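Heads up: the structure comes next, in structure tokens.
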Amino acid sequence: MATLLGPESPWMGGKKWSRNRNIVTRIRQSQIAGRGFSRGTQLPEALLQERDKRAKWHGIPILLQELYESSQLNSDYTRTHTVLKELSSLLSMEAMSFVTEDRKTAQESTFPNTYTFDLFGGVDLLVELLMRPTLTTLQKPKMNDDLMKDCLSVLYNCCICTEGVTKSLASRDDFVLFLFTLMTNKKTFLQTATLIEDILGVKKEMIQLEWIPNLSGLVQSFDQQQLANFCRILSVTISEPDVGNDDKHTLLAKNAQQKRNTSPSRAEVNQVTLLNIPGFIERLCKLATRKVSEATGTSNFLQELEEWYTWLDNTLVLDALMQIATDEAEHSSTESSDESTLATIPLRHRLPQSMKMVHEIMYKVEVLYVLCVLLMGRQRNQVHKMLAEFRLIPGLNNLFEKLIWRKYTASNHVVHGQHENCDCSPEISFKIQFLRLLQSFSDHHENKYLLLNAQELNELSAISLKANIPEVEALVNTDRSLVCDGKKGLLTRLLTVMKREPPDSSFRFWQARAVESFLRGATSYADQMFLLKRGLLEHILFCIIDSGCKSRDVLQSYFDLLGELMKFNTDAFKRFNKYVNTEEKFQVFLTQINSSLVDSNMLVRCIVLSLDRFESQTEDVKVVEVLSECCLLSYMARVENRLSFLFRLVNIINVQTLTQENVSCLNTSLVILMLARRRGKLPFYLNALREKEYAEKYPGCLLNNFHNLLHFWQHHYLNKDKDSTCLENSSCIPFSFWKETVSVLLGEDRTSSCAIISYIDEPYMELDRDHLGD
């Protein structure tokens with residue numbers, strides 16, 4: 001429908017286009033008049049036959065007329081089904097070319113048969129045919145399942161070939177909700193689910209799940225296979241629209257959007273609706289942790305998997321093929337098969353031995369995604385409680401080596417970041433989704449200790465006892481009947497595979513994020529020592545200094561993890577000094593930090609905070625020893641180095657470019673100034689910023705920018721309890737001191753030595769903050 005009709009259109013007959021244009025015009029006029037599916041039936045059959053060959057319509061308009069006439073009320077649909085099959089054969093080849101061709105090529109292709117089918121009312125006719133039982137109470141023969149399946153399949157073929165069809169169907173809420181009612185029929189479930197998924201993917205407004213008739217009963221009627229496929233549909237309905245990385249999605253824009261939208265989003269409402277379905281989360285946990293049969297061969301698994309994934313990108317298509325395979329197996333039991341012929345069939349035209357494994361992996365990707373989204377939603381604590389109760393983490397631990405992280409690991413996939421789209425194979429997608437789930441599960445939540453087994457919990461208790469510090473309350477309160485089984489917990493297994501990953505593997509990014517989330521929150525010495533004993537610090541330093549890793553995403557995740565691992569921990573700084581034992585290594589480390597402060601500023605913050613604490617504990621011999629020996633602490637102790645970091649942190653951001661990725665630079669600069677204020681050195685730092693401006697011949701530039709950033713900081717953080725709590729926990733500085741310091745810096749008294757305004761000369765004052773209210 002998106003393709004313009006013109007003299008060279010393949011179905012317009014070239015030079016005869018002007019004569020055919022009259023037919024197309026009449027059809028378009030009937031569309032505007034709202035005659036729906038019958039528009040193609042208004043034209044004389046003789047006229048259609050005359051134009052058909054020239055226009056290359058392949059008899060589709062005439063077949064549609066016959067389909068319309070044979071499907072009238074009181075028809076037994078026998079002829080209807082025969083005609084539909086003939087039409088389907090004309091459309092299916094185009095749909096298959098879309099599936100099998102390279103994506104870019106496929107999207108640029110034209111699909112004349114599908115276009116003609118829609119132009120002459122085929123799509124509207126099939127929608128009316130499917131919905132007829134809801135539109136009339138007259139007696140009529142019931143449409144059989146096979147006919148219904150073919151109607152749905154033809155609609156899906158039209159959708160994947162012509163985006164306009166998908167958008168048109170998506171605009172009809174009545175049809176979308178009607179499709180959900182068809183999912184109760186197991187024989188038509190796959191076709192219905194596939195079509196719904198495609199339609200919801202382009203729907204402008206997210207559907208509300210509570211609109212679906214008897215949703216709870218529908219979900220409870222699904223078997224496990226259907227429920228897994230349903231998760232594909234659910235993922236569209238519970239995820240907030242992807243915000244991407246462009247300027248429209250800065251923190252300034254997000255705050256303005258949140259100000260306008262005070263009520264819960266549809267995605268949030270849908271999440272609550274799902275959680276209210278009895279047994280829903282329990283069944284997802286069972287799906288996520290169920291074991292896969294080990295009977296299938298695995299030697300060629302990856303080869304088959306990768307080749308098949310270039311053809312199949314949909315779990316629902318896999319289901320259909322499994323169904324076909326089952327039917328063919330039953331059929332072949334009564335007939336002889338020619339094995340020599342079978343051996344010559346290309347892989348893409350036959351089912352590989354490991355199909356069940358692929359099938360299960362793709363199921364689990366969808367299930368883990370839904371659980372991950374729910375874990376990050378407003379009902380997080382409720383979801384956490386259920387996931388713990390239904391033993392999700394121990395179940396995943398039992399699957400780790402047999403399915404999640406098998407002995408072989410593809411390392412040649414494209415490295416991608418957190419917000420980039422990825423066309424990964426199912427195996428890779430599964431691993432990344434698993435790691436994202438662990439990250440969401442552990443992040444700032446006491447249930448993180450469920451990632452350990454009983455022996456490892458005892459180890460944490462022993463570390464606290466030896467250090468003569470109290471055990472963390474969350475550790476004491478952990479229900480040991482819900483922790484991991486076996487010789488290793490899930491966190492320890494993750495550390496093991498993390499060390500084996502190639503330097504630039506994108507798995508490293510997600511692995512580091514998952515481990516970092518275990519450390520985030522209030523700093524725990526025992527948690528840090530647990531990981532230090534397993535060689536994590538040395539592994540991170542190897543990756544940063546010696547591995548040759550070039551990925552900024554991976555390096556950022558390792559800097560963040562290193563910061564959490566070392567914060568306030570003298571043992572960690574000792575280990576750092578032992579590994580970075582030459583000036584050459586130290587300079588490589590500094591070069592990595594300085595190459596991108598957006599990536600490394602969390603580590604800089606950790607060093608600054610640790611140095612400040614250690615300098616207040618000089619009565620401790622161990623602390624004095626670390627302060628005198630550690631090259632990293634000595635480097636940061638020099639005020640000119642702290643000022644250098646401060647200059648750059650303030651200079652690389654402004655209010656208009658602040659995002660979730662770089663706002664940490666603002667908070668790190670604030671940490672440096674808060675610690676200076678504690679020691680009565682704030683005026684010295686502000687004056688240094690002023691001198692830097694004049695030295696660079698840009699008076700007022702840094703300080704005006706910082707002044708505006710701090711106004712934004714107040715606007716952003718003072719109304720967000722969660723964000724303010726995170727700042728307090730990660731820095732061990734009371735949030736009240738954060739607020740107080742910002743207020744002092746923004747003071748309007750030009751005689752105050754701690755107010756930014758005192759260091760900006762009158763001619764360079766640019767304190768226009770109107771953009772914050774826009």
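The values are calculated or read from the model by the stated rules, or taken from the named source; none is laboratory data. Please read all numbers here as calculations on a predicted model, not as lab measurements. Note that each Cβ is placed from the backbone with ideal geometry, even for glycine, and that neighbours are counted across all protein chains shown. Protein only, heavy atoms only, side chains kept; ligands, DNA and RNA dropped before computing areas. Shrake-Rupley method; radii C 1.70, N 1.55, O 1.52, S 1.80 Å.
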In region 578-622, the GluC sites (Glu not before Pro) that sit in a DSSP loop and have at most 16 other Cβ atoms within 10 Å of their own Cβ are Glu619
Which distance in Å, rounded to a whole number, links the C-alpha centroids of region 505-535 and region 151-167?
47
What are the principal axis extents of the Cα atoms in region 670-713, in Å, biggest first?
31, 24, 11
Can you tell me the equivalent ellipsoid semi-axes for region 449-530? Use √(5λ) from the Cα gyration tensor, largest first, whole Å.
24, 15, 11
Stokes-Einstein diffusion coefficient for region 643-760 at 4 °C in a medium of 1.567 mPa s, Rh from the Kirkwood formula over Cα pairs: what value in µm²/s?
90
Work out Dmax and Rg for region 578-737 from the C-alpha atoms and quote the Rg first, both in angstrom.
16.4, 47
Note down the relative contact order for region 129-204 as a percent, whole number, built from C-alpha pairs under 8 angstrom at least six residues apart.
36
Whenever you get a sec, compute what percent of the accessible area on region 630-763 sits on carbon and sulfur atoms (1.4 Å probe).
50
When the chain is fully extended, how far beyond the present Cα-Cα distance does Asn74 get from Lys186, taking 0.36 nm per residue of separation?
37.7 nm
